[in-house]
Each structure stands twice: as C-alpha cells, then as structure tokens.
Amino acid sequence: MAKDLIFELGSEELPAGLIHASLKDLESIFKKKLKERSLGFKSISTLATPRRLTLIVEGLDEKQPDTASEARGPGKNAAYDEDGRPTKALLGFARAQGLRPEELKTVAGEKGEYLYAVKKVKGKKTAELLPEILKSVLSSLTFPKAMRWGSHEITFARPLHWILAVYGAKKVGFDYGHVRSGDVTYGHRFLKGAKAKIKVDGAGTYIEKLRKYHVIADPSERKRIIEAGLEKEARGAGGTVLKDEELLAEVVNLVEYPVVVKGSFDRGFLELPGDVVINAMREHQRYFSVVDKSGRLLPYFITVANTPVKDIDVVRAGNERVLKARLNDAKFYFEKDIKTPLKERVEKLKGVVFQSKLGTSFEKVERFTRLAIFIGSGIGEGDNTFCAPMDVAERVEDFLKDEYNPKRFDRKKISPQYYNKFVIARAALLCKADLTSGMVGEFPKLQGIMGKEYAKRDAEEREVSEAIYEHYLPAAAEGGLPEGDAGAIIGIADRLDTIAGCFGVGLMPTGAHDPYGLRRQALAIIAIILDKNYKLSLDVSVDMALYLLKEKLTRNKVEARNDVLEFFRERLKNQLLLQNFSYDAIEAVLSAPWFDICDAVKRVVALEKFKKNPACPSLVTAFKRVSNILKGQEITGDAPLEEYFSDPHEKALWRVSEDIAPIIEENRLKGDYEKAFSTLAGIKDVIDKFFDKVLVMTDDEGLRRNRLALLSCVRGLYCQIADISKLVV
C-alpha cells in the first residue's frame with residue numbers, strides 16, 4: 001500500500017531568487033534517488049516560503065519490488081569430476097553465492113552448459129530506505145553561495161534549523177550534521193506561537209496546520225492573495241497596477257503571510273522621469289507602481305507586508321517615510337546630473353576601469369564605436385565581406401573625424417546611409433556616459449534608461465537617444481530585443497568587444513565560472529542577429545574586434561580568433577538544439593561555413609526537410625564514402641582531366657557534377673537551400689553506380705589522383721552548404 005511523504009527543510013530566510021531553482025533541484029534529485037532504488041510514486045509537488053523548502057510525494061511505494069539475480073558459474077564439465085562429484089570450482093562458486101551445490105541450476109547455451117546461481121532478492125521497505133535517501137538528497141543540494149554557521153560542518157543556503165520528515169503518519173528519523181529530523185515544523189517567526197512545535201501527522205494536514213500559525217505554505221495561493229489585494233488597492237486609487245511579473249514572483253517568495261497595503265507620495269515627484277520613480281520604488285522597496293488608463297504614473301504605491309496589520313495607518317506612514325527619502329535622493333541626483341551634458345560625461349569614462357587588462361570604459365567606447373560603424377556599414381550597404389581590417393579602420397576614422405562633434409543638419413539634405421552612420425557613431429560614443437552620473441551610481445539598474453533621458457534633454461536625435469537605451473537589450477535571457485538598428489548594432493559591437501577582449505587576454509569562461517557573462521553576451525548577439533535577420537559575417541567582425549584590441553592582446557591573435565568563433569559555434573548549436581532541430585543536421589551545417597548565422601539557420605531548416613527525401617539515405621552513405629576516401633589525401637584543387645577517365649561511370653559522374661554545380665551555386669547565392677538540396681539529390685543514382693563500378697584507390701597513380709580530384713569536385717557541390725556526410729540516416 002502506497003503512502004504519502006512530506007519532507008520540509010526549515011531555515012533562516014532564504015533569498016527570494018534562490019527558491020525556485022532550489023525547489024527544482026530538490027524535486028529532480030529526489031526523483032533520481034527514488035529511481036535508483038526502484039521506488040514508484042503517484043506524484044511529486046513542491047511548496048516554499050522564505051523559511052522553508054517542502055517536498056510532498058503522494059502515493060510513494062511502501063517497499064521495493066522483489067527482484068531475481070543470476071550469476072553464471074563454471075561450465076558443467078568443470079563443475080563435476082568423472083564420478084559426478086562437485087569439483088572445488090563448483091563448491092567455491094556455491095559457497096560464494098550462499099547456496100548449496102544442489103540449489104544451482106544448469107542452463108544450456110550456445111557455448112555449452114553452465115551452472116547458474118538464481119537468487120530472489122526481497123525488496124526493502126521504504127521506511128527503512130528513507131533515512132538514507134533523504135540524507136543523500138540533502139547532501140546533494142547545491143547553492144550558488146552555500147554557508148557554514150557556528151562550529152557546524154554541514155552547509156546550506158542559510159542556517160538550517162529543522163527537518164520535517166513524515167512518511168504515512170510516522171516520522172523518518174536521521175541526522176544531518178547537528179540537526180535531527182522529526183515530525184514537527186514551526187509557524188510564522190514574528191507572530192504568536194512562533195516557537196510552538198507544530199506536530200505534523202501526514203502530508204494531508206500540513207498546509208492547514210501551518211495556516212493556523214499564519215503561514216501560507218503554497219506559493220500559488222500567496223500569489224492569488226497578493227494579486228487580488230493589488231487589484232483592489234489600485235482600483236481604490238483610481239488606477240491599475242503596473243504589470244511586473246518579475247517583482248510579483250519575488251514578493252511571493254519574500255512573505256509567508258501576505259498583507260497588501262497602499263500608500264502615497266508627493267505629486268511633485270511625478271516631475272521626475274517615470275522610470276526613476278518606478279525604479280526607486282521597485283529596486284529598493286519592492287513596491288508596486290500604480291498607473292492611470294493612459295499608463296501615466298499616479299502618486300501611489302502598493303507594498304506587501306509579511307504580517308497581519310494591527311494599525312494599517314502606522315504601516316502606511318512608515319513605508320511612505322522611507323519612500324520619500326529614496327525619492328528625495330533620486331531628485332537630488334537627477335537635478336545635479338542634468339546640469340552636465342551627456343557629451344561632457346564621456347571624458348569622465350577615462351576614470352572608470354572596465355577591466356584591468358582591457359583598460360578603461362573610455363577605451364572600450366572608442367573601440368566598439370569603430371566596430372559598430374564597421375558592422376553597420378556592412379549591414380546597411382551590403383559590404384560585409386571586408387578582409388583587411390586596417391583599410392576599413394581608416395574609413396571609419398575618416399567618418400569619425402566629422403561626427404565626434406556633430407553639427408545640427410537638415411536630414412532632408414543627407415543620405416539615409418550617412419544619417420544611419422551618424423546615429424550609430426553618436427549613440428555609441430554616448431551610450432556609456434551615464435555610468436558617471438549620480439543617478440546610475442545610486443540606482444545601477446537605470447543605466448541606459450538615464451542615458452536615453454539625458455540625451456533627450458540634450459536635444460540629441462531621437463534615434464540616438466533610443467539607441468543609447470536599446471543597446472543594453474536584451475537585458476535577460478527572454479527579454480525584449482532592440483527595435484532600432486542602431487541600438488542592435490551597437491549592442492552587438494559592445495558585446496563582441498567584451499568577448500574578443502576577454503578571450504584575447506586569457507579570461508575565457510570555464511564550465512563552472514563565467515564571471516564576465518560571456519555566454520549570456522554571445523547568446524544576446526545571436527538573438528539580435530536572428531531577430532533582425534542581419535547578413536553579418538561573424539568571422540570578419542571578430543577579426544575587426546581583435547584588430548581594434550591589438551594593443552591589449554596577450555594571446556596569439558589567431559588562437560584567440562579560433563576560440564571566439566568556436567565559442568559562438570557552441571552557443572549557436574545549443575540554441576538550435578533547444579529549438580528541437582536534430583543534432584546531425586546542426587552538425588552538418590556548422591561543419592560548413594556558418595559565420596552568417598541567419599543563413600546557417602536557413603540551411604538547418606532546409607536540411608531537416610531534405611532528410612525526408614527518399615534519396616537522402618543512399619546519398620548520405622555515398623557522401624560518407626567520399627569523405628572517408630578524401631580524408632588525409634592531398635588534393636591539388638585542380639579539376640579532373642577527362643582524358644584520364646577510363647570508365648564510363650567516371651565520365652557520367654563528372655558530367656552530372658558539371659551540370660548541377662552552377663544550379664546549386666545559384667540556389668546557394670539566392671538562399672534557396674531546399675532547391676539546392678533537391679538538385680543535389682539528382683546525383684544519387686550516378687554516384688551509386690560510380691562506387692559500384694569504379695575503384696578509386698587503384699595502384700595506377702595517375703588514375704587515382706584523377707579520381708580523387710573527381711570526388712573532391714563532388715564534395716565541393718555540398719561542402720559550402722552542409723557536410724551531408726555527417727547526417728545519421
């Protein structure tokens with residue numbers, strides 16, 4: 001008969017951002033431990049508050065299933081002597097298995113008859129296994145920052161105070177360091193009965209017993225309570241709550257007993273930029289903002305307390321007093337900041353160290369401004385195949401001589417290309433200037449936001465101010481992407497400078513550590529390129545980034561370049577795998593030139609469709625033979641000579657290759673890879689017959705070289721699109 005298990009870890013208040021990941025780990029590890037011991041269950045769910053992580057397992061098997069084990073012993077001929085008596089070999093085997101010789105079974109197989117020991121293993125009771133399982137689960141949990149406390153040796157995210165473990169109606173006893181598990185939990189820390197031991201006799205009563213002690217154990221219930229309270233209080237203020245799912249998720253994990261309270265602030269603070277007010281409330285106080293139907297801020301905030309409120313006016317007044325101080329700080333810094341034009345702040349970046357080996361933020365801005373113009377020129381004018389960074393750098397310098405101190409101009413009298421370059425150059429120059437402002441120093445998450453605001457106040461072009469903000473996007477893995485090209489291009493250049501710089505001075509990420517967030521930055525670059533459908537040669541852009549970093553590099557530039565490109569290749573491969581493309585199709589495309597990321601993705605899509613073509617399996621087999629034969633061979637690159645063809649199947653393969661090569665190339669240049677692959681399928685029968693009838697590695701050196709040259713031409717039909725030999729069919 002199956003029973004329920006409840007397992008709760010009680011601690012000091014856990015960081016809100018840690019709880020979700022910890023619950024996932026707790027559930028995953030526990031499932032793994034049960035599977036290792038062949039224990040089944042009906043369902044697993046998790047609960048949490050700031051002071052507890054809880055696992056509830058419904059319908060956990062009462063015991064392991066019985067199993068049978070087999071062990072092969074000596075052959076029958078070696079097991080008995082001429083008189084049929086057991087030999088030492090048989091007696092030793094039986095003794096080792098804990099059986100008598102007559103209990104062994106004789107089993108006939110292909111290699112003769114052998115003696116087997118067949119034993120039934122009785123499954124252990126779950127109650128006997130749980131102490132070791134739960135202790136193992138606890139020791140397997142990891143945290144970004146685990147801590148020790150007192151003189152104790154165990155570690156946890158925060159000091160661990162109690163462990164609740166009840167299976168059925170009985171406690172599961174075990175020691176984890178100095179903490180002994182039991183059948184009690186504790187209620188709200190700050191309310192009556194905080195130190196009372198709450199006896200739990202099963203998973204079914206856990207939630208309701210905690211509720212009586214002012215603990216709402218279910219996060220989804222706390223969320224419903226908070227959402228209802230926010231809606232009610234915002235409606236009472238004549239507005240609606242500014243949607244903020246991230247803040248809501250955080251607040252849910254900050255309280256055990258949510259109570260929603262509305263407060264207000266002086267309308268005069270609404271003269272500050274809205275993002276400043278919102279950030280002051282959100283980041284420092286975890287307050288929700290209230291907006292009217294037009295989305296404009298109202299002078300109200302809503303907070304969530306962690307205890308029932310005796311006098312709501314006292315609580316409201318306390319929160320209003322704290323917020324007023326924060327908003328006064330913001331007002332002071334803002335009014336001071338706007339006295340200095342953003343352009344004048346650029347020079348102050350010389351005093352801001354970006355990274356000790358890579359120099360100041362001013363040096364970084366100089367580099368990625370040039371890189372952004374370079375990338376933008378390629379995207380905007382279709383000239384993205386520069387192979388001499390020095391020449392391009394000179395062109396960039398010529399442009400910047402005029403545009404570092406731009407004059408107002410009539411946009412009607414200049415070309416769109418010139419204006420776009422101006423926007424990129426101007427925005428790149430200014431986009432980090434707000435790092436030296438008082439506002440960003442006090443409220444770091446306003447970087448970019450304040451830059452945009454200050455640029456608008458300095459009468460910069462609208463596209464410039466937007467790009468200053470957008471170059472930071474995406475701010476998170478699933479965050480919004482830049483809408484404008486300037487912000488997108490500067491964002492690519494800024495991140496690429498960081499990645500190339502770190503690789504160039506030996507600061508590459510490891511499996512466990514990525515202190516400069518290079519993986520995240522590479523994924524952001526890929527996301528922007530795909531979202532904008534930019535035709536960008538990543539290898540050439542990396543060359544330019546490293547060229548601009550030449551005075552900082554401590555590694556060989558070629559090695560750094562190869563490592564950066566391989567780093568991007570791995571990120572792109574992982575992203576495609578997450579989109580459920582097959583591994584072999586991805587590997588086939590990424591084994592061909594892949595530096596135009598949008599084009600590479602198009603090829604993966606087309607190749608997935610081509611895999612369903614009836615001709616694909618035999619074609620893949622043939623191309624595998626082509627790759628294997630050519631491996632390690634020196635091919636001059638010359639076309640085969642027709643006078644050396646001694647077999648009609650050689651001539652047939654050469655002719656069909658010559659016929660379809662321009663068609664495949666035309667479709668490759670157009671990006672019509674479905675047609676390119678379907679055209680390639682036309683070679684199937686001819687190449688099959690070639691391998692059936694022609695010996696490539698003949699002793700005749702002239703014939704062999706000519707046939708290798710022919711196969712090299714065949715490989716050339718597809719090697720620029722995808723290495724089809726890597727497909728698994």
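The values are calculated or read from the model by the stated rules, or taken from the named source; none is laboratory data. If you're wondering where the values come from, they're calculated on a predicted model, not measured in any experiment. Glycine gets a Cβ as well: all are built from the backbone with ideal geometry, and neighbour counts include every protein chain shown.
I'm trying to understand the selection: among the residues of the stretch 256-280, which are crowded, with 19+ Cβ neighbours inside 10 Å, small (Gly, Ala, Ser) and over 36 Å from the mean Cα position of the chain (by Cα)?
Within the stretch 256-280, just GLY263 meets the criteria.
Take LYS195 and tell me if it is assigned to a helix (DSSP H, G or I) and either basic (Lys, Arg) or at pLDDT below 95 (or both).
Judged against the criteria, LYS195 is not a match.
Looking only at residues in the stretch 439-454 that are surrounded by fewer than 20 Cβ atoms within 10 Å (Cβ to Cβ) and within 14 Å of ARG326 (Cβ to Cβ), which one is nearest to the chain's Cα centre (by Cα)?
Residue satisfying both the conditions and the ranking: LYS445.
Given the options ALA48, ALA21, name the one that is among the aliphatic types (A, V, I, L, M), surrounded by fewer than 17 Cβ atoms within 10 Å (Cβ to Cβ) and farther than 17 Å from GLU132 by Cα.
Within the list ALA48, ALA21, the selection yields ALA21.
Output the number of the condition that ILE207 fails; it satisfies all remaining conditions of (1) within 28 Å of TYR300 (Cα to Cα); (2) in a helix (DSSP H, G or I).
It fails just one condition, (1).
What do you reckon, is GLU608 under 27 Å from ALA527 (Cα atoms), touching a residue at least 24 places away in the same chain (Cβ under 8 Å) and assigned to a helix (DSSP H, G or I)?
yes
Out of all the residues in the stretch 455-468, is one or more touching a residue at least 24 places away in the same chain (Cβ under 8 Å), over 19 Å from LEU272 (Cα atoms) and under 30 Å from the mean Cα position of the chain (by Cα)?
Yes, the conditions are met somewhere in the stretch 455-468.
Given the options ARG561, ARG603, ARG555, name the one that is surrounded by fewer than 20 Cβ atoms within 10 Å (Cβ to Cβ), closer than 30 Å to GLY484 by Cβ and not polar (S, T, N, Q).
ARG561
Kindly provide the set of residues from the stretch 695-721 that are in contact with an Asp or Glu (Cβ under 9 Å, 6 or more places away or on another chain) and farther than 15 Å from LEU630 by Cα, ordered by number.
Passing the criteria: only GLN720.
So which residues in the stretch 432-454 are closer than 15 Å to LEU272 by Cβ and of a type outside the set (Gly, Ala, Ser)?
Correct list: MET439, VAL440, GLU442, PHE443, LEU446, ILE449, MET450, LYS452, GLU453, TYR454.
Yes or no: the stretch 524-544 includes at least one residue that is farther than 20 Å from GLY376 by Cβ and modelled with pLDDT under 95.
No, the stretch 524-544 contains no residue that is farther than 20 Å from GLY376 by Cβ and modelled with pLDDT under 95.
In the stretch 223-249, how many residues are in contact (Cβ under 8 Å) with a residue 60 or more places away in the chain and either of a type in the set (Gly, Ala, Ser) or under 21 Å from GLU8 (Cα atoms) (or both)?
6
Looking at (1) farther than 20 Å from SER356 by Cβ; (2) modelled with pLDDT under 95; (3) assigned by TED's automatic domain parsing to the domain that holds CYS431; (4) surrounded by fewer than 21 Cβ atoms within 10 Å (Cβ to Cβ), can you tell me which one ASP514 breaks?
(1)
Pairs, please: C-beta under 7 Å, at least 6 apart or cross-chain, first residue in contact (Cβ under 8 Å) with a residue 40 or more places away in the chain and in the stretch 10-31, second of a type in the set (S, T, N, Q) and assigned to a helix (DSSP H, G or I)?
Pairs found: ILE29/SER140.
For the stretch 530-584, how many residues are in a loop (DSSP other than H, G, I, E, B), under 30 Å from PHE610 (Cβ atoms) and in contact (Cβ under 8 Å) with a residue 24 or more places away in the chain?
6
When only residues in the stretch 53-90 that are of a type in the set (Gly, Ala, Ser) and part of a strand (DSSP E or B) count, which is nearest to THR142 (Cα to Cα)?
GLY59
If I ask for residues that are in a helix (DSSP H, G or I) and either in contact with a Cys (Cβ under 8 Å, 6 or more places away or on another chain) or surrounded by 24 or more Cβ atoms within 10 Å (Cβ to Cβ) (or both), which ones from the stretch 471-498 would you list?
ALA486, GLY487, ALA488, ILE489, ILE490, GLY491, ILE492, ALA493, ASP494, LEU496, ASP497
Quick check: is even one residue across the stretch 80-90 of a type in the set (Lys, Arg) and either out of contact with any Asp or Glu (no Cβ under 8 Å at 6 or more places or on another chain) or surrounded by 18 or more Cβ atoms within 10 Å (Cβ to Cβ) (or both)?
Within the stretch 80-90, one or more residues are of a type in the set (Lys, Arg) and either out of contact with any Asp or Glu (no Cβ under 8 Å at 6 or more places or on another chain) or surrounded by 18 or more Cβ atoms within 10 Å (Cβ to Cβ) (or both).
Taking the residues in the stretch 281-331 that are in a helix (DSSP H, G or I), charged (D, E, K, R) and in contact with a Ser or Thr (Cβ under 8 Å, 6 or more places away or on another chain) as candidates, determine which candidate is surrounded by the most Cβ atoms within 10 Å (Cβ to Cβ).
Ranking the candidates gives ARG282 first.
Which of the residues that make up the stretch 333-350 are part of a helix (DSSP H, G or I) and free of Cβ contacts under 8 Å to residues at least 40 places away in the same chain?
GLU335, GLU344, GLU347, LYS350
Being surrounded by 16 or more Cβ atoms within 10 Å (Cβ to Cβ) and within 15 Å of THR49 (Cα to Cα) is the filter here, so list the residues in the stretch 176-212 that pass it.
Those that are surrounded by 16 or more Cβ atoms within 10 Å (Cβ to Cβ) and within 15 Å of THR49 (Cα to Cα): THR185, TYR186, GLY187, HIS188, ARG189, TYR206, ILE207, LYS209, LEU210.
So SER657 ticks every box in (1) buried (at least 21 other Cβ atoms within 10 Å of the Cβ); (2) small (Gly, Ala, Ser); (3) under 17 Å from LYS611 (Cα atoms) but one. Which box is left unticked?
The one condition SER657 does not meet is (3).
Return the residues of the stretch 662-718 that are outside any helix (DSSP H, G or I), among the acidic types (Asp, Glu) and at pLDDT below 90; say none if nothing qualifies.
Listed by number, the residues that qualify are ASP699, ASP700.
One line per residue, one yes/no per condition, for (1) of a type in the set (Asp, Glu); (2) more than 23 Å from the chain's Cα centre (by Cα); (3) within 30 Å of PHE362 (Cβ to Cβ); (4) assigned by TED's automatic domain parsing to the domain that holds VAL620:
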{"position": "MET544", "(1), (2), (3), (4)": "no, yes, yes, no"}
{"position": "VAL558", "(1), (2), (3), (4)": "no, yes, yes, no"}
{"position": "ASP563", "(1), (2), (3), (4)": "yes, no, yes, no"}
{"position": "GLU566", "(1), (2), (3), (4)": "yes, no, no, no"}
{"position": "ARG569", "(1), (2), (3), (4)": "no, no, no, no"}
{"position": "ASN574", "(1), (2), (3), (4)": "no, no, no, no"}
{"position": "LEU578", "(1), (2), (3), (4)": "no, no, no, no"}
{"position": "PHE581", "(1), (2), (3), (4)": "no, no, no, no"}
{"position": "PHE595", "(1), (2), (3), (4)": "no, no, no, yes"}
